[in-house]
Amino acid sequence: MALQGINLPLAFTGQESIWQKVFMDFNISKEDLNDFFGGPAFLAWARMGNLHAWGGPLSQNWLDQQLVLQKQILTRMLELGMTPVLPSFSGNVPAALKKIYPSANITRLGDWNTVNGDPRWCCTYLLDPSDTLFVEIGTAFIRRQVEEYGDVTDIYNCDTFNENSPPTNDPAYISSLGAAVYKAMSKGDKDAVWLMQGWLFYSDSSFWKPPQMKALLHSVPFGKMIVLDLFADVKPIWRTSSQFYGTPYIWCLLHNFGGNIEMYGILDAVSSGPVDARTSENSTMVGVGMCMEGIEHNPVIYELTSEMAFRSEKVQVQDWLKTYSRRRYGKTVHQVEAAWEILHHTIYNCTDGIADHNTDFIVKFPDWDPSSNPISNITKQNQMQMLLALDRKRRVLLQETSAHLPQAHLWYSTQEVVNALRLFLDGGNDLSGSLTYRYDLVDLTRQVLSKLANQVYVDAVTAYQGRDVKAYSLHSRNFVQLIKDIDVLLASDDNFLLGTWLESAKKLAANPTERSMSGMQEHR
């Protein structure tokens, strides 16, 4: 990260240990927190208040271990000249707090796509920022971090309203909420700066009109808030909000929803977007950022994005790709350069604005009827209502076709990408010793086979619906064979192996019970 110029990294590890200490000071027991913390594989959702308890509980050993790790991370970040961003209090509280403080303004939220809407895991509790207890808890959390880590930063992240609208759109009320969030930070650290995702202004644009946006953005002193224009590579908010109404912001690449393993990106948007933002009239842009929901894929996208923080002019992508190819593989190979030229105009040129990617059938639940909902015994009308609700919450774009079959997301010519793969293979003799070449070759082959599998799957379903037994048998065999082929392909490079991650998780276990819990995570 340091070598790529990143100087403001999130440092969220170990926060559950801090929360344990803080909430125990508010008379909440360790047992109560078992119902609050999500398991290690689900921390992102538990921290955002989307779920609670699922995948848990967290062992005391794990909590202590993560706190030690966080201190090592922070030490290294500071050594490398980075300013870490620590978490702050967003209002997400354990259910037990409502019993201990019955007069507190605590609301139980609705279900956020959790397992069957089961209250054992869904519907978390939110303490209203207008409640005096909010500032008390928020201040205690900041101070406990300072006590544990020292004075390592003045920048704190908080996303109280992320996919969770305030109870009223009254600008005065929204301003008071924002002021309370900042007050909790600044009482713990007088120089605190609030770093906030701007995703809400896109995901809930029907609520966040100009008066509401201004009320939140102007609820803190100028310069004490920085907004992440989270999805600027596709839906830049700075263009439609008068530069966030004068609030400093960071142009961000979101790129990946849910850590999906698929080749995807918009190189042209990355090569020009930050420059357009910085040079625009009355620009308040102060940096370039990456806020992907997953990594370990599409290195070309992150390589170019990290460079854009240092570039004052737009990048000519085709020329840049030639340089990138030479750096990545260690030498110039003309066939591979030609392959990257194709990939630039196909896979890495997704301009349809669809947020979720990798909707390939091969990674979905098996079903002979691809138009059916995985939840049985619901009417078509209820099914569509559920899907539309999912569209609003989870950023999915429903694609209808005249054939009434869903279509996997495809934005490029598959034949052109097959040609790119052939060129990649042709250049293999010159790059056989390059691990990065092997990774990209496996990845591109996986991409091609996955898209082929989509067509084979639709052919099988069509044959089934037409009662063509011979065609159905052929296409279904081919589909299963493609699954096996992809499995063999991915097993050829350890970057694509699940076992690498599972064994790493197991090594964190300090005793047989924890190791057993690792196994349970695998099955889930």
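The values are calculated or read from the model by the stated rules, or taken from the named source; none is laboratory data. In this text the structure is predicted, and so the values were computed from the model without any measurement. Because the Cβ atoms are built from the backbone with ideal geometry, glycine has one as well, and the counts that use them run over all protein chains shown. Please note that ligands, DNA and RNA were not included when accessible areas were found on the heavy atoms of the full protein model with its side chains. Shrake-Rupley method; radii C 1.70, N 1.55, O 1.52, S 1.80 Å.
Apply the Karplus parameterisation 6.51 cos²θ - 1.76 cosθ + 1.60, with θ equal to phi minus 60°, to every residue of the range 178-193 and state each ³J(HN,Hα) to the nearest whole Hz, in sequence, with x for glycine and proline.
Karplus values, whole Hz, x for Gly and Pro: x, 5, 5, 4, 5, 4, 4, 5, 6, 6, x, 8, 4, 9, 4, 10.
Of all the accessible heavy-atom surface of the chain, with the other protein chains kept in place and a 1.4 Å probe, what percent is carbon and sulfur?
Of the solvent-accessible surface of the chain, carbon and sulfur hold 53 percent.
Label the range 163-253 by shape, choosing from rounded, prolate and oblate, from the square roots a ≥ b ≥ c of the eigenvalues of the Cα gyration tensor; if a/c is under 1.5 it is rounded, and otherwise prolate applies when a/b is larger than b/c, oblate when it is not.
oblate
³J(HN,Hα) across the range 120-130 via Karplus (A = 6.51, B = -1.76, C = 1.60, θ = phi - 60°), whole Hz, x for Gly/Pro?
5, 10, 9, 6, 6, 9, 10, 7, 5, x, 6
Output ³J(HN,Hα) for the range 217-226: one whole-Hz value per residue in order, computed from phi by the Karplus curve 6.51 cos²θ - 1.76 cosθ + 1.60 with θ = phi - 60°, and x for Gly and Pro.
Couplings: 5, 9, 7, 10, x, 4, x, 9, 9, 10 Hz.
Label the range 282-374 by shape, choosing from rounded, prolate and oblate, from the square roots a ≥ b ≥ c of the eigenvalues of the Cα gyration tensor; if a/c is under 1.5 it is rounded, and otherwise prolate applies when a/b is larger than b/c, oblate when it is not.
It is oblate, given that a/c is not under 1.5 and a/b is not larger than b/c.
So how tilted is helix 435-465 from the main axis of the chain? Cα-based, degrees 0 to 90, rounded to 10.
Roughly 80 degrees, rounded to the nearest 10.
Run through the range 259-338 and list the chymotrypsin sites (Phe, Trp or Tyr not before Pro) located in a DSSP loop whose Cβ has at most 11 other Cβ atoms within 10 Å.
Here the sparse-neighbourhood loop sites are Phe310.
With every protein chain kept in place and ligands, DNA and RNA left out, what is the accessible area per residue of the range 2-317? Probe 1.4 Å, answer in Å².
Here the residues of the range 2-317 average 41 Å² of exposed surface.
Which order do the peptides 270-279, 504-513 come out in when sorted by mean C-beta neighbours inside 10 angstrom, highest first?
Going from most to least packed, we get 270-279, 504-513.
What is the helix-to-structure angle for 132-149, meaning the angle in degrees between its Cα long axis and the longest Cα principal axis of the chain, kept from 0 to 90 and rounded to the nearest 10?
Rounded to the nearest ten degrees, it is 70.
Note down the relative contact order for the chain as a percent, whole number, built from C-alpha pairs under 8 angstrom at least six residues apart.
Reported as a whole number, the value is 9 percent.
Show which aspartates and glutamates lie in cross-link reach of Lys30 when reach means a straight Cα distance below 18 angstrom and same-chain residues fewer than eight apart are skipped.
Glu16, Asp64, Glu514
Can you compute the helix-only [θ] at 222 nm over the chain? Use -39500 (n - 2.57) per DSSP H run of at least 4 residues, normalise by all residues, nearest 500 deg cm²/dmol.
-15000 deg cm²/dmol
Give the angle, between 0 and 90 degrees and rounded to the nearest 10, that separates the Cα long axis of helix 60-79 from the longest principal axis of the Cα atoms of the chain.
Roughly 80 degrees, rounded to the nearest 10.
Output the pairs from Lys99/Lys214; Lys99/Lys209; Lys71/Lys190 with a Cα-Cα distance over 26 Å in this structure; if there are none, say none.
Lys99/Lys214; Lys99/Lys209
Please calculate the 1.4 Å probe accessible area of Ser165, with all protein chains present, and give it to the nearest 10 Å².
Its accessible surface works out to 50 Å², give or take rounding.
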